[in-house]
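Presented below is the structure to which this report refers.
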Amino acid sequence: MIGVIFGVIVPYIAVAIFVAGVVYRFVNWANSAVPLKIPTTGGQQKSFPFIKRTIYDRFDSPYTWWETVGRMILEIFMFRSLLKNTRYYLDRASQKDARWLWLFAILFHYSLLLVLIRHSRFFLQPVPEFVEMLSEIEAFKGVFIPSVYISGLAIVAGLFLLWLRRIFLSRERTLSLPSDHFALILLLAITISGNIMRYFFKADLAAVKELLMNLMVFNVGKAAAIADSIEPIFYIHFALASFLLAYFPFSKLMHAGGVLFTPTRNMPNDNRAKRHINPWDSDPSVPILTKGITVSGMTFTSKKLDWDTYYSMYTDQLDEIAESDYKIVPEEL
Amino acid sequence: MEEMPEKIEIRQRFPEWREMLKPVKELEEGRTSYLSTPKQVDSEFFKMPFGDVERDLHDLKLPENWKELFLEAMKDTLEKNRAFKLFMDICVRCGACADKCHYYIGTGDPKNMPVGRAELIRSVYRRYFTPSGKIFGEWAGARELTEDVVKELYYYAYQCSLCRRCSLFCPYGIDTAEIVWWLRRILSRIGLNQRFMTISIEASARTGNHLGLLPGGMVGAIQQGLEELKDVTGFDLHTYINKKGADVLFVAPSADYFATPHWFVMLGYLLLFNELEEKYGLTITWSTYASEGGNFGTFHSYEAAQLLNSKIYKEAERLGVSFIIGGECGHMWRDKHQFINTMNNPPKNEEWKKFWENPDLGELAEGLRGIRFDSYASGEHGWIHILEFTAALIEHNKITIDKSRNDHWTATYHDPCNVARGMGMVEEPRYVLRNVMNKFYDMPEHTIKDKTYCCGAGGGMLADEIMDLRMRGVMPRMMAVRHVYKKYGVNILLTPCAIDKAQFPHALEYWKIPIEVGGPMEMVGNALVLTAFGEKPEDRQYDLRGEPLGGEEDVQ
């Protein structure tokens, strides 16, 4: 029975929530307008040819589409902004910069990537060559028996380090919400249960693979039959992972996709070359405030100071300027 | 000068997360901006919702259905601005931004950490716009919107200078300036505005500039500048104002007409314009209608920004100029680089269109041929920064420079936040300074260029009543200045930003660094040899401050 619930029903629901949730969030973000082109410029802008830009400037203050893509790639794969991270010290000279956060984040995310790639063996038949190879390389095949996957241990270490920051650093402790701890605990539980299953209480991986292959082709009857034959330890890992999937779209974990949408990073710094049109103010010939804004049924309108109004307000002074032929000269003393 | 604290103590507090969700009980004096009065926000030219009520922070006198209005404005913001919505959703609270904020460094107040500041509104967002917040409440980091929460939002929204330093270090580019800017817009919909900035916004909406300067006053100020220049150079110089048919419209922040040390920069502009007209025939005009480069509306809301910057393209069109040069100002260049041509339609006059088909200065003045703007600008925008312009003049050998006239100055350069992080102009000013003076030293790398520290007074934070906050916020910048002051004997801090020039003299006095403040164009003015008027390099006896030049009485 456990097998059917956690092996068939729960994962289906979880994946459905995950897919629907993530799609909803993406569509939801995409539906919001981008009123202004607001890249955060982290380097020299494109300017006159004699003002030289380094390769860093081109990615930190991108001008072309390709440079912007480069910036995003560096951001996503190198955590470039995080790499710039430096602490504030009153006495700078005697302090050295440390970029622990970047290191822990890289450690965790790349381990996660490797772990996910390795897990693809459960979903793919035949297992791709490079997955096999990657697994063999990272396990230093032949050194330990059974093979020890470094990424599986590194991900636990990375998560612990990230969590310890939140527990022991006062600033981070203050600004951590329960949900921040929860996400880390959940990931720790998944990774630790995975490791336990691998090294101590082994599950029948062939059956697991068969289960997943059947789930993927919606062969529900067969999947249910197999599910009941798998050891319970597997379902701890599997249920937690299912829960993570379902939790994902509602949580801060959405930063994974959100980073693609961020206007301060994904827009080129070419404001002066290419005009950006605000979708909700696409013909700004008259300022919004002079058209009036409506709040609580009342409309508030600011008078427009166009040239004619301005002239009528300050006619004498402006005429005086006209009389002097629009020229200012020092007064004769 | 308002009272400044004798001693400041930075007390860092690390409350637990529940505490962070509760609104602060006391709003500290010296950090709380005054609320606007009807004079500013119920004006004919700047009418904000519920602006007709006299209110203070003890009694907000919010409209009856304020909660509904607040949430409505928030929903509107979420739809109108993807950045706001995204930044509500994707923060992971990693803490990378925490110590990047100069106000946090200076106050130690955990809600002044950029993430802390954003969480104030994020918690409200979770409560009313996300399922987890609705269900789990506090445990999901959500909180009810109460009047105390609104008060707190106001308090902290006006402790941010929109400098975007946190955005640079955020792995997702979360821009607190964007959150705070749009939060201020939401607050303005229930009648809460900050007095200092709305004084200037209203004045600019009514007269064309923040100071509320009328056409005659502006002419008088520029005239006085020309008189001072006559004393310094001995030449009868002139300039144009509201002149139709000029080649270029020049727009400077209005502080340049009066304030010190802005004034010396103004003299620098005038010298350069005269040399260019006399030598090449390039005519540059000022305008009383478009007399404000700065835009305090960019601290308030999209709509207020648009109301103020809508005048300039109109004026360019009316005068029939070919392009616009902008003066030394920080937030002005976020507005003029990133906002203006989205908020307004660019000019459509013939001269403008024709020039931008082949944007070579030679089209306007033959002698300047070779200086082209099309490597980065187009007629869809049409603004050039005065320092970019000057850098190009120097590179193409169009003006004559005598560096030694600045030998009594040892300078360092402060990058205004918006120029560095909202525009990316970091090398041009340095190029100019290296070419007009011999002694120029940069501050430590982590405090300049894109990583520059704010002066602590931008984004509407120049109000006198928050002097305590300002002096705390400027501390990281002052530490860097003190470093170069001790190491190189720097005696002037140069910055192309009007707000910096207003803030730094107080800050330097407070932090006991006995050096001057100025702008790069002042140095250009000093070094510029008016060859067209027959001036020789050794002719100039005084610098723009009226100090005798050269000789042995040099520094130290």
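Under 14 Å of direct C-alpha separation, and excluding same-chain neighbours fewer than eight residues apart, A:Lys209 reaches these aspartates and glutamates: A:Asp228, A:Glu231. If you take every residue apart from A:Leu175 with its C-beta less than 13 Å away from the C-beta of A:Leu175, what net charge results, scoring Lys and Arg +1 and Asp and Glu -1? Its environment carries a net charge of +4.
Within a straight-line Cα-Cα reach of under 19 Å, B:Lys7 can be paired with the following lysines, leaving aside sequence neighbours fewer than 8 residues apart in one chain: B:Lys512. For trypsin sites (Lys or Arg not before Pro), the sites in segment A:280-333 that DSSP calls loop and that have at most 16 other Cβ atoms within 10 Å are A:Lys303. Taking the helices alone, the protein assembly as shown has a mean residue ellipticity at 222 nm of -14500 deg cm²/dmol, built from -39,500 (n - 2.57) per DSSP H run of at least 4 residues and averaged over all its residues. Using 27 Å as the Cα-Cα cut-off, could you pick out the over-long pairs in A:Lys291/B:Lys75; A:Lys291/B:Lys314; A:Lys46/A:Lys304; B:Lys314/B:Lys501; A:Lys304/B:Lys244? From the list (A:Lys291/B:Lys75; A:Lys291/B:Lys314; A:Lys46/A:Lys304; B:Lys314/B:Lys501; A:Lys304/B:Lys244), the Cα-Cα distance tops 27 Å for A:Lys46/A:Lys304; B:Lys314/B:Lys501. Computed from the C-alpha gyration tensor, the three semi-axes of the ellipsoid equivalent to segment B:201-397 are 24, 22, 14 Å, from longest to shortest. Going by neighbour counts of Cβ atoms within 10 Å, the residues B:Leu120, A:Leu289 line up, fewest first, as B:Leu120, A:Leu289.
Going down the table (B:Lys47/B:Lys80; B:Lys243/B:Lys536; A:Lys327/B:Lys348; B:Lys348/B:Lys449; B:Lys348/B:Lys451), which pairs top 29 Å between alpha carbons? Distance filter (> 29 Å) returns B:Lys243/B:Lys536; B:Lys348/B:Lys449; B:Lys348/B:Lys451. With pairing defined as another cysteine C-beta under 4.7 Å, the cysteines of the protein assembly as shown that fail it are B:Cys91, B:Cys94, B:Cys101, B:Cys160, B:Cys170, B:Cys329, B:Cys455, B:Cys497. With contacts taken as Cα pairs under 8 Å at a separation of at least 6 residues, chain B carries a relative contact order of 17 percent. Can you say what percent of the DSSP beta bridges in the protein assembly as shown, counting only those with both residues inside, are antiparallel? Round to 5. Of the beta bridges lying entirely in the protein assembly as shown, close to 40 percent run antiparallel. Exceeding 29 Å between C-alpha atoms, which entries from my cross-link table qualify? They are B:Lys279/B:Lys354; A:Lys274/B:Lys403; A:Lys202/A:Lys222. From the list (B:Lys279/B:Lys354; A:Lys274/B:Lys403; A:Lys202/A:Lys222), the Cα-Cα distance tops 29 Å for A:Lys274/B:Lys403. Over every Cα atom in segment B:398-447, the radius of gyration and the widest Cα-Cα span, Dmax, amount to 12.3, 35 Å. If you take all other residues with their beta carbon under 10 Å from the beta carbon of B:Arg185, and give Lys and Arg +1 and Asp and Glu -1, the sum is +1.
Could you let me know the centre-to-centre spacing of segment A:240-296 and segment B:217-291, using Cα atoms, in angstrom? If we compute the Cα centre of each part, the gap is 41 Å. Output the 0 to 90 degree angle, nearest 10, between the alpha-carbon long axis of helix B:475-488 and the longest principal axis computed from the alpha carbons of chain B. Taking the Cα atoms of chain B, the angle to B:475-488 is about 30 degrees. Note on B:Ile8, A:Ile155, A:Ile226: ascending count of other Cβ atoms within 10 Å places them as B:Ile8, A:Ile226, A:Ile155, the fewest first.
Free of any chymotrypsin sites (Phe, Trp or Tyr not before Pro) that DSSP assigns to a loop and that have at most 12 other C-beta atoms within 10 Å, the longest stretch within chain A is A:1-122. Residues B:Leu530, A:Leu103, A:Leu253 in ascending order of nearby Cβ atoms (within 10 Å, fewest first): A:Leu103, A:Leu253, B:Leu530.
Looking at chain B, the DSSP beta bridges with both ends there are about 30 percent antiparallel.
Counted by Cβ distance under 14 Å from B:Tyr280, the other residues give a net charge of -4, where Lys and Arg count +1 and Asp and Glu count -1. For B:Lys25, which aspartates and glutamates qualify as cross-link partners when the Cα separation must be under 17 Å and same-chain residues fewer than eight apart are set aside? Once the sequence-local aspartates and glutamates are set aside, what remains near B:Lys25 is B:Glu16, B:Asp56, B:Asp59, B:Asp109, B:Glu144, B:Glu147, B:Asp148, B:Glu152.
Along chain A, the exposed loop sites are GluC sites (Glu not before Pro) outside DSSP states H, G, I, E and B with at most 12 other Cβ atoms within 10 Å, and the longest stretch free of them is A:1-330. No solvent, one uniform scatterer per C-alpha: report log10 I(q)/I(0) for segment A:235-297 via the Debye equation at q = 0.13, 0.25 1/Å, two decimals. Result of the Debye calculation: -0.70, -1.05.
With the simple model of a label 7 Å out from the Cα in the direction of the Cβ, A:Thr299 to A:Glu132 spans 7.3 nm.
None of the figures in this text is laboratory data; all of them are computed from the coordinates on show. The structure displayed is predicted, hence computed values, not measured ones. No Cβ is skipped: glycine too gets one built from the backbone with ideal geometry, and neighbour counts run over all protein chains shown.
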